[in-house]
Amino acid sequence: MAQTQEVTVPDIGDFDSVDVVEVLVKPGDTVTAEQPLITLESEKAALDVPAPFAGKVVQVLVKVGDKVAQGTAIVTLETDAADGAGPDQAETVTKPEAEPSSEGGHAEKSAGSASADTAEKAETAQPAPPKPAEPGGGESEQAIPAIDQASTLNDTADSSRPNTAESGRAPAPSTGHPEPDRSQAFLPHASPSIRKFARELGVDLTRVTGSGPKLRILREDVAAFVRQQLVEADKGSGIPPIPAVDFSKFGPIERQPLSRVKRRSGPNLHRSWLNIPHVTQFDEADITELESFRKDNLARAEKRGVKLTLIAFLLDACAHALREFPQVNASLDPDGEHLILKRYIHIGVAVETPDGLMVPVVRDVDKKGVFDLAGEVAELAEQTRTRKLKPDRLQGASFSISSLGGIGGTAFTPIINAPEVAILGVSRARMQPVYQEDGSFAPRLMLPLSFSYDHRVIDGAEAARFTRFLSEMLSDIRRLLL
Ligand code: CAO
């Protein structure tokens with residue numbers, strides 16, 4: 001049989017008059033046990049008053065702006081006695097001294113003026129849903145949940161709060177009931193809907209500054225917090241941004257848009273630079289013999305429609321070196337505990353284009369000869385510069401080469417193309433007097449190598465061995481072409 005009963009404000013600690021800031025139900029609503037009915041706001045906290053049992057809202061007795069205190073009736077709920085949570089509990093349910101259940105995030109509540117009888121019964125109460133009504137309507141010891149302080153503590157917290165013993169709080173000696181943790185009153189001010197919103201976004205409300213009345217956290221505060229976190233993540237884990245400067249104060253300026261390629265490659269370079277502990281190993285290779293071989297074969301290559309430049313030999317030498325040093329032809333597993341060794345050798349070649357730098361990939365370099373490599377690089381470079389390159393030709397590199405030798409320079413520190421773990425930079429070869437074993441100096445064509453590597457994966461000694469090996473390959477054309 002349906003019965004109606006009033007739900008009142010339970011013990012709310014030291015507050016004798018608090019504002020109703022939200023009414024969460026209306027007549028006709030069906031509520032479940034512990035569903036928040038209204039939100040109260042004290043000087044320090046926003047608190048929910050949950051339904052002590054399931055039922056249908058008949059009347060809402062308060063409105064936003066009302067002031068309430070312990071014992072103020074807030075709604076009337078109609079329950080079906082057969083549901084087991086009905087008016088049979090009315091007497092105790094509406095009594096503020098009734099003891100909370102310890103389940104489902106109910107706060108440990110002071111028994112206040114609880115009678116010895118109620119306290120004793122409550123002490124033995126199980127952390128269980130409301131008990132079925134006694135046949136014949138006998139008085140039940142069903143306890144009323146206190147204000148749901150748990151949900152105001154930290155919305156990312158598990159709703160199943162530790163019991164008193166777990167939380168180490170001493171029970172009140174007079175009743176055996178736990179003392180309320182008044183520190184929980186110093187919790188973020190936020191309505192349930194905002195707390196739900198924050199919970200969905202994984203936002204810890206204790207980190208959000210409220211901009212509403214009495215520092216209440218509003219929806220826009222949560223949104224601003226999330227935006228700020230995203231901006232900081234984008235800028236590299238909170239690295240302070242470079243302040244904007246109005247350069248026009250100092251002279252005439254012109255503002256140009258970055259090319260599409262630069263806009264896209266910039267964040268990738270930034271990410272690699274910030275994430276990878278780079279070290280650059282410098283070395284040089286004597287390519288005197290190689291250069292004469294190249295020149296001797298220019299005509300032969302031309303007959304095949306190929307311009308034989310140094311890059312083809314560099315690719316060939318790198319393939320040999322990568323086979324010898326598989327850890328350089330690898331990627332770090334995101335778990336940080338494994339190295340993924342690639343059993344293929346695909347090398348990206350940095351190509352300068354009017355739009356910016358792009359890195360097409362020469363696949364299976366170890367399976368190709370220098371003529372084929374020269375032809376393929378020239379074709380890829382041409383397609384890249386004329387924007388005819390298919391997107392899949394920009395993918396799958398296991399190592400990269402950046403050759404600035406055609407332009408000049410003596411050395412540079414190339415940025416690793418993550419998730420690769422190393423890159424070879426090549427500067428301009430120059431004739432230099434090189435000391436010979438017989439004590440003389442000979443003019444030799446020396447090629448500067450700049451090998452940047454991920455120090456998490458490659459040790460300095462390994463890097464030095466790698467560039468030595470590369471240098472020997474480039475210096476000994478017979479070995480290279482074998
Ligand atoms: N030392 C001396 N001369 C070199 C050389 C070197 N290391 N590398 C190339 N050359 C010579 C070539 O032999 C060629 O000479 P000729 O015109 O007399 O035949 C001339 O310089 C121009 O060569 P190139 O650089 O155009 O051709 P390539 O096949 O060697 O390189 C490519 C192809 C795509 C790598 C190159 O054109 C390119 O775009 N380089 C720029 C890469 C870049 O911007 N890297 C920066 C990345 S930032 O990390």
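The values are calculated or read from the model by the stated rules, or taken from the named source; none is laboratory data. Keep in mind the model is a prediction, meaning the values are calculated, not measured. Note that we place each Cβ from the backbone using ideal geometry, even for glycine, and neighbour counts take in every protein chain shown.
Pairs linking a residue in segment 437-450 that is more than 13 Å from the ligand (Cβ to nearest atom) to a residue that is charged (D, E, K, R), with Cβ atoms under 9 Å and 6 or more positions apart or on different chains, are 444/286.
On inspection, residue 294 qualifies as at pLDDT 95 or above, within 16 Å of the ligand (Cβ to nearest atom) and either in a helix (DSSP H, G or I) or of a type in the set (Gly, Ala, Ser) (or both). Within the span defined as segment 10-33, every residue fails to be in contact with a His (Cβ under 8 Å, 6 or more places away or on another chain) and surrounded by 21 or more Cβ atoms within 10 Å (Cβ to Cβ).
Scanning segment 347-367 for residues that are over 21 Å from residue 329 (Cα atoms) and within 11 Å of the ligand (Cβ to nearest atom) turns up 352, 353, 356, 357. Residues in segment 383-408 that are within 9 Å of the ligand (Cβ to nearest atom) and not polar (S, T, N, Q): 7 in all.
Among the candidates 434, 426, which residue alone is under 16 Å from residue 310 (Cβ atoms) and surrounded by 14 or more Cβ atoms within 10 Å (Cβ to Cβ)? Exactly one residue qualifies, and that residue is 426. Against the list (1) in contact with a Ser or Thr (Cβ under 8 Å, 6 or more places away or on another chain); (2) within 13 Å of the ligand (Cβ to nearest atom); (3) not β-branched (Val, Ile, Thr), the condition residue 302 fails is (1).
Taking segment 326-402 and the strands (runs of 3 or more DSSP E) fully enclosed by it, the elements with 3 or more residues that are surrounded by fewer than 16 Cβ atoms within 10 Å (Cβ to Cβ) are at 339-341.
Of all residues in segment 276-331, those that are among the hydrophobic types (A, V, I, L, M, F, W, C), touching an Asp or Glu at 6+ places or on another chain (Cβ under 8 Å) and without any contact (Cβ under 8 Å) to a residue 60 or more places away in the chain total 1.
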